[in-house]
Amino acid sequence: MNRVSALCIPILSLTLLLTGTVYSSSYLAHAEKAPDWRVTGTPEEQLEALVKITPGTSHWMPEIAYRFQTMYWAGKQDKWEFAEYQIEAMEKMMDRVATARTKRAASINIFRENVFGDLDEAVKTQNFEVFEEAVAIMSSECMACHTREGFSYITVPAVPTKPDSIVLD
Ligand code: HEC
């Protein structure tokens, strides 16, 4: 390394460091000045912001899929109470979707009527074959709703390939 570059590198590093510090402190000052609707907003502004950040269908669906997968594998591993727990949680999530996105409510009702009665009965038998049939009906009803709502490419297997819960083996 020649003398010029030996001198340049520390100077350059120092300059970059200082610029970074100045930039980040002015950024922080700027961020602190940004009004926070939770603190200073009017009730109307707060309500508007809350409505805007209310999770919609695409937010709830991965969790519904997790519940579906976990329910199947809980039954498969004879953990029937855990399977029932997943079904209850899934029903609540469907209600949440219907409330968050009212345009989906009619479709959710069809799903509810075609699925939960038989599934509740099946899980109580603690017989895996009976339960597996009810799960297959559920998966086809999931897809029927996807088709009604214009998302037929989102497919749901009758047999999810593996469990994805720390509670299961
Ligand atoms: C209202 C009827 C309806 C029902 C019933 C329904 N879905 Fe969905 N699902 C949707 C819609 C609509 C989307 C796309 C949402 C969007 O992008 O806004 C979706 C998306 C999904 C996705 C993709 C999520 C992502 O972003 O990766 C999965 C996975 C999924 N659903 C699984 C299921 C499973 C499993 C069931 C049944 C247990 C089910 N869905 C039942 C309407 C439904």
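Looking at the range 99-154, the chymotrypsin sites (Phe, Trp or Tyr not before Pro) that sit in a DSSP loop and have at most 13 other Cβ atoms within 10 Å of their own Cβ are Y153. Counting every C-alpha pair in the range 57-148, the share spaced more than 20 angstrom apart comes to 29%.
With the charge dipole of the range 57-148 set up from +1 on Lys and Arg Cβ and -1 on Asp and Glu Cβ about the Cα centre, the Cα lying farthest toward the positive end among the listed residues G117, I87, H59 is that of H59.
Extent of the range 96-169 along its three principal axes (Cα atoms, max minus min coordinate, largest first): 37, 24, 20 Å. Between the Cα long axis of helix 128-148 and the first principal axis of the chain there is an angle of about 60°, rounded to the nearest 10. A helix-only calculation puts the chain at -25500 deg cm²/dmol for mean residue ellipticity at 222 nm, using -39500 (n - 2.57) for each DSSP H run of at least four residues, averaged over all residues. Tilt of helix 80-100 relative to the longest C-alpha principal axis of the chain, in degrees (0 to 90, nearest 10)? The angle comes out at about 70 degrees. Computed over the chain, the convex hull of the alpha-carbon atoms projects to a mean area of 18.1 nm².
Taken together, the values in this text are just the output of simple stated rules run on the coordinates, not laboratory data. What you are looking at is a predicted structure, and each value in this text was computed from that prediction instead of being measured. Cβ atoms come from the backbone with ideal geometry, glycine included; neighbour counts cover every protein chain shown.
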